[in-house]
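Trainee: Okay, here's the structure, questions in a sec.
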Amino acid sequence: GESVGLHLPTLSVQEGDNSIINCAYSNSASDYFIWYKQESGKGPQFIIDIRSNMDKRQGQRVTVLLNKTVKHLSLQIAATQPGDSAVYFCAENMDPNQGGKLIFGQGTELSVKP
Amino acid sequence: NAGVMQNPRHLVRRRGQEARLRCSPMKGHSHVYWYRQLPEEGLKFMVYLQKENIIDESGMPKERFSAEFPKEGPSILRIQQVVRGDSAAYFCASLQGTGGNEEKLFFGSGTQLSVL
């Protein structure tokens with residue numbers, strides 16, 4: 001079936017370095033993508049989103065890149081901090097009439113070493 | 001402006017008992033989504049409700065699970081005769097509308113259900 005998946009289940013980086021978390025999706029009909037951060041015992045926290053008519057979007061210290069040709073999504077975190085340690089999920093939406101119906105990837109655990 | 005509120009945060013039930021999970025959406029939001037998260041996995045969509053209507057329950061198990069979002073009060077996810085495999089974190093999220101116009105989906109803190 002169609003799914004969203006992540007290339008790396010775990011990622012360990014040094015504080016201050018940049019982090020890149022990758023995600024592959026298989027549904028070409030998806031037109032909205034979101035990255036969420038989930039800390040232990042908490043709900044997913046919205047980080048940044050991007051629509052299929054864009055290939056890059058920047059936020060504060062975060063950038064999302066979308067490559068529709070190869071169905072690839074990435075999250076870049078600049079100057080990674082210990083507080084960035086969490087599990088990161090990409091998610092996709094295929095139905096604009098159900099904007100909250102998302103397909104989540106498995107997740108990548110980001111560990112930041114001080 | 002409170003976010004999405006879920007209670008209880010933790011719920012322990014024995015096999016065969018009923019579990020009732022509550023979700024109060026953000027103020028002004030009338031669209032509610034429930035998700036389930038098993039350990040070390042991503043969230044899985046369960047059901048989408050609007051006030052007094054179930055819009056999409058394609059992710060709900062066919063038996064023992066039900067959801068409602070009454071005109072007044074919180075949305076309820078009900079699991080009857082719980083089994084150990086129901087142990088998971090259940091998250092609720094809400095939207096003001098159907099999701100266009102740059103609406104963002106915000107999640108509650110979840111209810112961790114443990115079945116003994």
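The values are calculated or read from the model by the stated rules, or taken from the named source; none is laboratory data. For clarity, every value in this text was computed on a predicted model and none was experimentally measured. No Cβ is skipped: glycine too gets one built from the backbone with ideal geometry, and neighbour counts run over all protein chains shown.
Trainee: For residues that are within 14 Å of the chain's Cα centre (by Cα) and farther than 15 Å from A:Gly99 by Cα, tally how many sit in the range B:39-50.
Mentor: Qualifying residue count for the region: 1.
Trainee: Can you tell me which of (1) surrounded by 19 or more Cβ atoms within 10 Å (Cβ to Cβ); (2) of a type outside the set (Asp, Glu); (3) within 12 Å of another protein chain (Cβ to nearest Cβ) is the one B:Ile55 doesn't meet?
Mentor: (1)
Trainee: Looking at this structure, is A:Gly1 within 12 Å of another protein chain (Cβ to nearest Cβ), loosely packed, with under 15 Cβ neighbours inside 10 Å, modelled with pLDDT under 90 and in a loop (DSSP other than H, G, I, E, B)?
Mentor: no
Trainee: So which residues in the range B:33-52 are aliphatic (A, V, I, L, M) and buried (at least 16 other Cβ atoms within 10 Å of the Cβ), if there are any at all?
Mentor: Once the filter is applied, which keeps residues that are aliphatic (A, V, I, L, M) and buried (at least 16 other Cβ atoms within 10 Å of the Cβ), the range B:33-52 yields B:Leu43, B:Met46, B:Val47, B:Leu49.
Trainee: Being among the aliphatic types (A, V, I, L, M) and touching a Pro at 6+ places or on another chain (Cβ under 6 Å) is the requirement here; does B:Val82 meet it?
Mentor: no
Trainee: Any idea which of (1) within 21 Å of A:Lys101 (Cβ to Cβ); (2) in contact (Cβ under 8 Å) with a residue 40 or more places away in the chain; (3) surrounded by 13 or more Cβ atoms within 10 Å (Cβ to Cβ) is the one B:Gly28 doesn't satisfy?
Mentor: Unmet condition: (3).
Trainee: Restricting the range A:93-111 to residues that are hydrophobic (A, V, I, L, M, F, W, C) and within 21 Å of B:Gly99 (Cβ to Cβ), which is farthest from the other protein chains (Cβ to nearest Cβ)?
Mentor: Filtering the range A:93-111 for residues that are hydrophobic (A, V, I, L, M, F, W, C) and within 21 Å of B:Gly99 (Cβ to Cβ), the one farthest from the other protein chains (Cβ to nearest Cβ) comes out as A:Met94.
Trainee: Same structure, new question: Among the listed residues B:Gly99, B:Gly85, which satisfies the condition of being more than 14 Å from the chain's Cα centre (by Cα) and not in a loop (DSSP other than H, G, I, E, B)?
Mentor: Going through B:Gly99, B:Gly85 in turn, just one is more than 14 Å from the chain's Cα centre (by Cα) and not in a loop (DSSP other than H, G, I, E, B): B:Gly85.
Trainee: Looking at the range A:74-81, can you tell me whether even one residue there is in a strand (DSSP E or B) and at the interface with chain B (Cβ under 8 Å from one of its Cβ atoms)?
Mentor: no
Trainee: Follow-up question, since we're still on this one. Please find, among B:Gly59, B:Gly42, the residue that is modelled with pLDDT of 95 or more, closer than 21 Å to A:Ala91 by Cα, in contact with a strand residue (DSSP E or B) (Cβ under 6 Å, 6 or more places away or on another chain) and not charged (D, E, K, R).
Mentor: Result of the check over B:Gly59, B:Gly42: B:Gly59.
Trainee: Could you list, in sequence order, all residues of the range B:34-50 that are out of contact with any Ser or Thr (no Cβ under 7 Å at 6 or more places or on another chain) and in a strand (DSSP E or B)?
Mentor: Matches in the range B:34-50: B:Trp34, B:Tyr35, B:Arg36, B:Gln37, B:Leu43, B:Lys44, B:Phe45, B:Met46, B:Val47, B:Tyr48.
Trainee: May I ask you to list the residues in the range B:59-116 that are closer than 27 Å to A:Asn97 by Cβ, among the polar types (S, T, N, Q), surrounded by fewer than 19 Cβ atoms within 10 Å (Cβ to Cβ) and within 14 Å of another protein chain (Cβ to nearest Cβ)?
Mentor: Result: B:Gln96, B:Thr98, B:Asn101.
Trainee: Of the conditions (1) touching a residue at least 12 places away in the same chain (Cβ under 8 Å); (2) surrounded by fewer than 18 Cβ atoms within 10 Å (Cβ to Cβ); (3) within 14 Å of chain B (Cβ to nearest Cβ), A:Cys90 fails just one. Which one is it?
Mentor: (2)
Trainee: Considering every residue within the range B:78-98, establish whether at least one is in contact with a helix residue (DSSP H, G or I) (Cβ under 9 Å, 6 or more places away or on another chain) and among the acidic types (Asp, Glu).
Mentor: Taking every residue of the range B:78-98 in turn, none turns out to be in contact with a helix residue (DSSP H, G or I) (Cβ under 9 Å, 6 or more places away or on another chain) and among the acidic types (Asp, Glu).
Trainee: I would also like to ask the following. Can you tell me which residue in the range A:28-68 is farthest from the other protein chains (Cβ to nearest Cβ), limited to those that are small (Gly, Ala, Ser) and over 14 Å from A:Gly100 (Cα atoms)?
Mentor: A:Ser28
Trainee: If you scan the range B:1-20, which residues turn out to be within 14 Å of B:Ser75 (Cα to Cα), in a strand (DSSP E or B), of a type outside the set (A, V, I, L, M) and out of contact with any Lys or Arg (no Cβ under 6 Å at 6 or more places or on another chain)?
Mentor: B:Gln6
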